[in-house]
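Each value in this text was obtained by applying a stated rule to the coordinates, not by laboratory testing. In this text the structure is predicted, and so the values were computed from the model without any measurement. Counting neighbours? That spans all protein chains shown, and the Cβs are built from the backbone with ideal geometry, glycine included.
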Amino acid sequence: MDYGLHIFDTPIGPCGIAWGPRGVTAVSFPERDVAQTEKRLRQKCPQAKPAEPTPQIQNAIADILALLNGEKRDLAHIPVDDSAIPEFNRRVYALARAIPPGQTKSYGEIAKALGDPLLARDVGQALGQNPTPIVVPCHRVLAANGKSGGFSAPGGVDTKMRVLTIEGAQPGGPTLFDELPLARKR
């Protein structure tokens, strides 16, 4: 079998991963149930069939689980098959993958890194088409001034903010609780 898919439990619910000979082809955040998660994954990678993960995919799942359990785990080493992804999107995804866990960048910062600050909207659209969320950490890219921006994965912005909270990111700066008298200073 060249393409496989596997559903696995995480702290945010059952996620799915699909893979092929060149790496991960799709990741799906939890839908309302396992069947819907698998359906979403099949939409992203129709040739994938349920299978036991390869050792490489088992390692990817372990790293995703560690990250979702609050470890500062960088997933940039997980191979992604981006052969069907448009060139502009590949460039955006490469920049998103360079953002470490617990940190964020804005759509504008990614656009500027691409050479044109006016591409911020295009960056957002490319991230909205990301077939491998969390492995390509589109959740770490925010709108201007630390605003959440969109998130096309199931659960929308709530899922985005939940994953950022798990990673320890503080989009938009300090939280209300950082200003309390007994708050630990970083």
So, over other residues within a Cβ distance under 15 Å of residue 25, counting Lys, Arg +1 and Asp, Glu -1, the net charge is +2
Residue 138 neighbourhood, Cβ < 12 Å, K/R = +1, D/E = -1, net charge +4
Residues meeting the amide H criterion for residue 10 (H placed from the backbone, H to H distance under 5 Å, 5 or more places apart or on another chain) are 15
Sequence order, segment 62-75: Karplus ³J(HN,Hα) from phi using 6.51 cos²θ - 1.76 cosθ + 1.60, θ = phi - 60°, Hz rounded, Gly and Pro as x, gives 4, 5, 4, 4, 4, 4, 6, 8, x, 6, 7, 10, 8, 9
Between the modelled labels at residue 72 and residue 33 (7 Å from Cα along Cα→Cβ) the distance in nm is 4.1 nm
Extension length gain for residue 49 and residue 144 (0.36 nm per residue less Cα distance), in nm, is 30.2 nm
Under 18 Å by backbone N from the virtual spin label 7 Å along Cα-to-Cβ at residue 12, the residues of segment 40-83 are 40-42, 44, 60-78
Residues meeting the amide H criterion for residue 114 (H placed from the backbone, H to H distance under 5 Å, 5 or more places apart or on another chain) are none
Mean separation of Cα contacts under 8 Å (at least 6 apart) over the residue count of segment 6-117, i.e. the relative contact order in percent, is 21 percent
With label points set 7 Å from each Cα along the Cα-to-Cβ direction at residue 90 and residue 2, the distance between them in nm comes to 1.9 nm
